[in-house]
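Nothing in this text is a laboratory measurement; each read-out follows from the coordinates by a stated rule. All of these numbers come straight from a predicted model, not from anything done at the bench. Don't worry about glycine lacking a Cβ; one is built from the backbone with ideal geometry, like all the others, and counts go over all protein chains shown.
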Amino acid sequence: MMSNLFSIFDPSTNLFNLPINWISTLLGLMFIPYSFWLIPNRHYLMWNFILNSLHKEFKTLLKNNYFNGSTFIFISLFSFVLFNNFLGLFPYIFTSTSHLTLTLTLSLPLWLSFMLYGWINNYQHMFSHMIPQGTPTVLMPFMVLIETISNIIRPGTLAVRLTANMIAGHLLMTLLSSTGTNLSYIFIMILIFIQILLLILESAVAVIQSYVIAILSTLYSSEVN
């Protein structure tokens with residue numbers, strides 16, 4: 001009996017008091033063979049198609065802010081989160097994206113760099129974003145307060161959205177699997193079928209959440225200038 005259900009997300013494996021679990025963050029690099037970079041195989045063509053599609057979409061979202069290589073950081077963010085989300089679906093592999101330690105580390109520096117760049121180089125444009133066009137004079141102070149608060153909580157919402165979605169699916173699968181020892185063979189077969197469906201759903205969530213965090217980061221950067 002587990003004392004705490006959320007203990008499945010703790011980085012408990014250690015060797016010489018080192019948190020070995022966090023090494024799973026870099027495991028995605030091991031899934032890219034050397035031939036990926038040299039021989040145009042099916043994996044290369046598929047991944048190249050995904051990256052080109054993302055590049056075109058991010059280029060459209062950035063509009064006037066686009067310059068050569070500006071979409072690279074958002075494509076890298078998408079790839080990094082996607083690898084970690086998928087690795088978390090394998091047994092005994094630590095899901096690093098289910099921790100605010102990692103997700104805040106990704107979202108906070110991005111948002112902070114956008115804000116610093118915008119306020120230093122184009123503060124008039126940043127002030128104009130505080131008051132939407134057509135706002136009555138009476139509501140202007142409230143709109144400035146609301147827009148400021150919504151702007152400040154952006155890195156938190158990015159991080160919590162990714163973390164919560166990763167934790168929710170894993171918790172549901174853990175809760176269902178923990179009841180397997182008390183069920184008959186027929187119900188165990190039904191449970192396995194439900195777990196397979198949940199695994200497919202979690203695979204879709206892993207892709208969607210990596211796409212969402214990359215798109216939102218792109219949109220936040222496009223508002224700066």
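One table, with the values for the structure above:
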| read-out | value |
| --- | --- |
| Theoretical ellipticity at 222 nm over the chain - DSSP helices of four or more residues, -39500 (n - 2.57) apiece, nearest 500 | -22000 deg cm²/dmol |
| Summed residue charge, Cβ within 14 Å of residue 212's Cβ, Lys/Arg positive, Asp/Glu negative | +1 |
| Lys/Arg +1, Asp/Glu -1 at C-beta; the chain dipole; positive extreme among 105, 175, 70 | 70 |
| C-alpha long axis of helix 185-222 to longest principal axis of the chain, angle in ° | 20 |
| Net dipole in debye of the chain [+1 Lys, Arg Cβ; -1 Asp, Glu Cβ; about Cα centre; nearest 20] | 340 |
| The chain: equivalent-ellipsoid semi-axes (sqrt of 5 x gyration tensor eigenvalues, Cα, Å) | 37, 24, 17 |
| Using distinct alpha-carbon pairs, which all enter the 1/r mean, Kirkwood radius of region 52-168 in Å | 16.7 |
| Potential extension, residue 176-residue 152 segment - 0.36 nm per residue separation minus Cα distance | 4.9 nm |
| Extension reserve of the residue 189-residue 47 stretch, reckoned as 0.36 nm per residue once the Cα distance is removed | 47.6 nm |
| Folded to 0 to 90 degrees: helix 42-62 orientation relative to the chain principal axis, Cα | 30 |
| Gained length - residue 120 relative to residue 161, 0.36 nm times residue gap less alpha-carbon distance | 11.9 nm |
